[in-house]
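Notes for the one structure printed next.
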């Protein structure tokens, strides 16, 4: 038997939508309604004038090629290996799991987009770089965000403690902007901090067998606008809490995940796993970010 406990759970990648990209720079549009007007009225029989409304905003990001190359010597293939029938197939399967982890780390991080050239690999922006409308940052922190075809990375600020006040403000901001956030993605350290928020129930209670059970964790924060799942992520930023509406994010695939046999250059089998895709923030204002946490 082979026991591998390396984590492969990717909560952000697993929760968001899927779509298609038609080019290495994929674009979409965001829009908004004018503010609600309690004084919307018209005089009987009066002439009607045209009203102005906000124009749509065009945004975009670049695709990124995620790849893994596996090479297995003919000797390793010929030897009877413990725990697997085919060494090369075993290594290919491991590489596929590794790529999924790579995508989770990229998509939840503070990474800028980069346009591909003949000598530069394209890069897609991470979620932390996208969010600018509802972000809370430490002193000196500055937004990244989309501008002129590129999503810039945010600038880190002075770190501060994660508090329930910060969480409430972030959820409220996303909801007021029109989002319905349902997930708060954070490191285990930040989740453990959230478990100590005063809004939670008593930490001890009696179970059915008359034994006291210590409740030291929390999986859901019940806010004034709905339940927010507190989701620990092994691959996200350790200094940020990402508050998301999963319906406002999408992985746009230009070239789907596939396996390609590479040319034999010696006594080895060679295989590449790859996909080309981009993370789309369908409307960043429906999400929130609490940055620069200790």
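The values are calculated or read from the model by the stated rules, or taken from the named source; none is laboratory data. Owing to the predicted nature of the structure, the values given are computational and were not obtained by experimental measurement. Neighbour counts run over all protein chains shown; Cβ positions are idealised from the backbone, glycine included.
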- Message: Exactly one of these conditions fails for residue 160: (1) touching a helix residue (DSSP H, G or I) at 6+ places or on another chain (Cβ under 8 Å); (2) touching a residue at least 60 places away in the same chain (Cβ under 8 Å). Give me its number.
- Response: (1)
- Item | Residue satisfying all of: in segment 146-162; crowded, with 16+ Cβ neighbours inside 10 Å and within 24 Å of residue 223 (Cβ to Cβ); nearest to the chain's Cα centre (by Cα) among these | 162
- What residue, among those in segment 265-289 that are in contact with a strand residue (DSSP E or B) (Cβ under 8 Å, 6 or more places away or on another chain) and part of a loop (DSSP other than H, G, I, E, B), is nearest to residue 245 (Cα to Cα)? 287
- Message: Being surrounded by 12 or more Cβ atoms within 10 Å (Cβ to Cβ) and modelled with pLDDT under 95 narrows it down to one residue among 24, 42, 8; which is it?
- Response: 8
- Determine if segment 163-171 includes at least one residue that is over 16 Å from the mean Cα position of the chain (by Cα), part of a loop (DSSP other than H, G, I, E, B) and surrounded by fewer than 19 Cβ atoms within 10 Å (Cβ to Cβ). yes
- Task: Kindly establish whether residue 95 is within 30 Å of residue 269 (Cβ to Cβ) and assigned to a loop (DSSP other than H, G, I, E, B).
- Result: no
- Task: Collect the residues in segment 173-192 that are in contact (Cβ under 8 Å) with a residue 40 or more places away in the chain, part of a helix (DSSP H, G or I) and either touching a strand residue (DSSP E or B) at 6+ places or on another chain (Cβ under 6 Å) or surrounded by 16 or more Cβ atoms within 10 Å (Cβ to Cβ) (or both), keeping them in residue-number order.
- Result: 173, 174, 175, 188, 190, 191
- Could you please give the count of residues in segment 8-27 that are touching a helix residue (DSSP H, G or I) at 6+ places or on another chain (Cβ under 8 Å) and either assigned to a loop (DSSP other than H, G, I, E, B) or under 13 Å from residue 63 (Cα atoms) (or both)? 3
- Candidates 71, 45, 83 - the one that is over 30 Å from residue 185 (Cα atoms), out of contact with any helix residue (DSSP H, G or I) (no Cβ under 7 Å at 6 or more places or on another chain) and assigned to a strand (DSSP E or B): 71
- Query: How many residues are assigned to a loop (DSSP other than H, G, I, E, B) and in contact (Cβ under 8 Å) with a residue 12 or more places away in the chain if we restrict to segment 221-264?
  - Reply: 12
